[in-house]
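Bear in mind that the values in this text are calculations on the coordinates, not laboratory data. As the structure is a computational prediction, the values presented were derived from the model and not from experiment. Ideal geometry is used to build each Cβ from the backbone, glycine not excepted, and the neighbour counts take in all protein chains shown.
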Amino acid sequence: MTVPSPTITRRPRSRFIAIVLYTLQSCVPPKRWVAVLLPCAGALLFGLLAHAVDGAADRAFANIAAEAIFGLVMPIAALVIGDSVLGAEVRAGTFQFTWLSPAPTWQIVMGRWLGGSVVALVTIAPSCALAAVIAGSPSSAGPAFLAALVGSVSYVALFIAIGCLTRRTAVWSLAFVFLIERLLGGALTGVAQLSPTWESRAIFVGYLDDPPDRLIREGIPQGGYAIVRLLIVMIVALAVANWRMGHLRLSGASD
Amino acid sequence: MSSLPPPTVPPPQYGGALDPAFVADATVEVANASVWFGPKVALSELSCSFGPGVTGLLGPNGAGKTTLMRAMVGLVSVNQGTVRIEGRDPRRDRAVHGRMALVPEDEAVPAGLTAGQFVRYVADLHGVVDREAPSNALRSVSMFDDADRNVDTFSKGMRQRTKVAAALVTDPQVLVLDEPLNGADPVQRVHLIALFKQLGALGRTVIVSSHVLNEVERLAERVVVLMHGRLAAAGGRHAIRDAMDDRPRHVLVRSNDGRRLAAGLVALESVAGVTFDTARDGLVIQTVRARELATALPRLARDSSVRLLEVRALDDSLESLFRELVR
């Protein structure tokens, strides 16, 4: 094997840092970046579209952002990220290299989530803020950035949890977004209160100077309260992912 | 580790002798393990153990080798029974992952990383402090020169060797290798076999699966044979080979003078019968002592001035050997 030689020791990179860097480097390859950037480009197009809506730019963008950006662009972009950082790797059969290490499961879950959150931070959040600027509503850029950031990192946590619960992460994640959040969340306030789409919209609306009345939904906390609500959702999702991570059955790519 | 915990299941004794499926100094213990995926039973009430040295895990495709190996390291939970590594459950005790490594069979390697980055990542996960360890691991499988190349661009054999390097960088006490020689060229095969044997000689528990009998024979002193998720045979490689050699076999021999060769063959003790196969245009020899026949046949051909055109075992597929073993 190796020729015995004097051992040169180094301080190993911490497991957590290694997992975060690996997530950024390997889990989100160039093709996945493109898949994330496409919906982000869609956000910019929706910003342009706001010019076609009658009324003040602020109100026009608020309506467009609430429906299209937080209801469509953000979930899809976050789904691509959330699936990349865990589900895709489990399906490909490469996650076992991480799982088969003495690293605690919480470090793996948090490392993956942080890596995904960094991607969301540099893609989804800025594109939503830029959309506000393009729409001629620079005062909405801050709330849009904040709402997109909190919403997308919550989504990443949720999609990681789904990735730990099922092999078909993308399918179940889509079902979560469109069936549970859009359909059920649209009808039931109790479901909407736990939904990143509805809560990020509430964050955005809560920080606007003059939000349109139709965007204020009864029973959904606004602004900072919505942030707290999403943080709780995120923590619960990460806890579920951590619990399930130890029970994953990794039967390989060929199965 | 100062001392190992006591084995969870005492190895069965038969008339004072240890059951060949078990070893006295077990580091990996499988007790009554069953694994199923929906209606498909992959392992069925399997009990065996593995200790220091190289053990071959032999079986045809679908025998349950991969499932057993994945269960050993904790990637797959057993539905019934137990699997222990150094007395610890690899599903529950993540610390034991620091003592073992798996080289999976499938070709998948992390995308977007160079071989060096991949091995370094595994080293970091395991808290390896030797700065040279990743380079040494790559060197040990002759991949050091390709350390800066992206693993996506590697051939199957190179990917396999990179995964071996990633396993070796953690300096594991238990090394589980699922078909590690797949895709390797002949030179690399020799090199890898020598490497695994060396690790076994150093007291590591090395478990190597293969569906190629000759490959396992070159690697391992002890062989465990699986068939349909069950233990078919276990023991020293010679005992397994003898068990396989002593069963009736059919060998096709084509020559330039079949009649003269047949006359000589019937006089050989190793030959139980000779028939002429018109479809194959050759002689079919039935023997229960294939090894003796392998020595006697060329001698007979030389003495009879017969030129052998083809000698081929008709039922020498591993599947047929296993069928004999489990009969």
Whole-Hz Karplus ³J(HN,Hα) for the stretch B:85-93, in order, using 6.51 cos²θ - 1.76 cosθ + 1.60 and θ = phi - 60°, x for Gly and Pro?
10, 6, x, 10, 7, x, 7, 9, 9
If I model a spin label as a point 7 Å beyond the Cα along the Cα-Cβ vector, how far apart are those points for A:Ile235 and B:Ser34 in nm?
4.3
Relative contact order of chain B, pairs being alpha-carbon contacts under 8 Å that are 6 or more residues apart, as %:
18
Orientation-averaged projected area, Cα convex hull of the stretch B:90-134 (nm²):
4.0
In units of 2.2 N^0.38 Å, the Cα radius of gyration of the stretch A:48-200 is 1.13
Assertion target for A:Tyr225, A:Tyr22, ordered by fewest C-beta neighbours within 10 angstrom first, is A:Tyr225, A:Tyr22
Between B:Ala234 and residues 5 or more places away or on another chain, which pairs have amide H atoms under 5 Å apart, with H built 1.01 Å from N, and which residues are they?
B:Val225
How big is the stretch B:117-245 along each principal axis, measuring the range of its Cα positions in Å and listing the largest first?
47, 28, 26
For B:Gln173, other-chain or 5+-apart residues with amide H closer than 5 Å (H placed, Pro excluded) are B:Met100
Could you list which residues have their amide H under 5 Å from that of B:Ala313, counting only those 5 or more apart in sequence or on another chain, with H placed in the peptide plane?
B:Leu252
antiparallel share of DSSP beta bridges within chain B, to nearest 5, in %, is 65
P(r) of the stretch A:1-130 over all Cα-Cα pairs, 5 Å bins starting at 0, rounded to whole percent, reads 2, 10, 17, 16, 13, 11, 9, 7, 5, 4, 2, 1, 1, 1, 0, 0
Cα-Cα separations in chain A greater than 35 Å, expressed as whole percent
19
For the pair B:Ala279 and B:Leu309, how long in nm is the line joining their label points, each one 7 Å along Cα→Cβ?
1.8
Estimated D of the stretch A:112-255 in µm² per second, where Rh is the Kirkwood radius over Cα pairs and Stokes-Einstein applies at 37 °C, 0.692 mPa s:
205
Cα-based convex hull, the stretch B:39-153, per residue volume (Å³, whole number)
157
Counting just the Cα atoms, what span does the stretch A:179-255 cover along each of its three principal axes? Round to the nearest Å and put the largest first.
54, 24, 20
Per-residue ³J(HN,Hα) for the stretch B:37-42, Karplus 6.51 cos²θ - 1.76 cosθ + 1.60, θ = phi - 60°, Hz, x for Gly and Pro:
10, x, x, 8, 8, 8
Averaged across orientations, what area in nm² does the convex hull of the alpha carbons in the stretch B:133-195 project?
4.1
Quick one: P(r) of chain B from all Cα-Cα pairs, 20 Å bins, percents rounded to integers, in order of increasing distance.
29, 48, 21, 2
Restricting to bridges with both residues inside the protein assembly as shown, how much of the DSSP beta-bridge set is antiparallel, in percent to the nearest 5?
65
Any idea what Rg and Dmax come out to for the stretch B:15-84 if you just take the C-alpha atoms, in Å?
12.3, 40
Extend 7 Å from the Cα of B:His238 along its Cα-to-C-beta direction; within the stretch B:187-222, residues with backbone N under 18 Å of that point are B:214, B:216-222
In nm, the gap between the two label points placed 7 Å beyond Cα toward Cβ at B:Asn214 and B:Asp25 is 3.3
Roughly speaking, what is the centre-to-centre gap between the stretch B:200-237 and the stretch A:104-160 when only Cα atoms are used, to the nearest Å?
51
So for B:Tyr121, A:Tyr155, fewest C-beta neighbours within 10 Å to most, what's the order?
B:Tyr121, A:Tyr155
Cα-based Rg of the protein assembly as shown per 2.2 N^0.38 Å, rounded to two decimals?
1.25
Straight-line reach only, C-alpha to C-alpha below 30 angstrom: list the lysines that A:Lys31 could link to, leaving out same-chain residues fewer than 8 apart.
B:Lys156, B:Lys163
Förster radius 56 Å - calculated FRET efficiency between B:Val266 and B:Arg230, Cβ distance, rounded to 0.05:
0.90
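Translational diffusion coefficient of the stretch B:50-98 at 10 °C, 1.306 mPa s, Stokes-Einstein with Kirkwood Rh over Cα pairs, in µm²/s as a whole number.
Once the numbers are plugged in, D ends up at 134 µm²/s.
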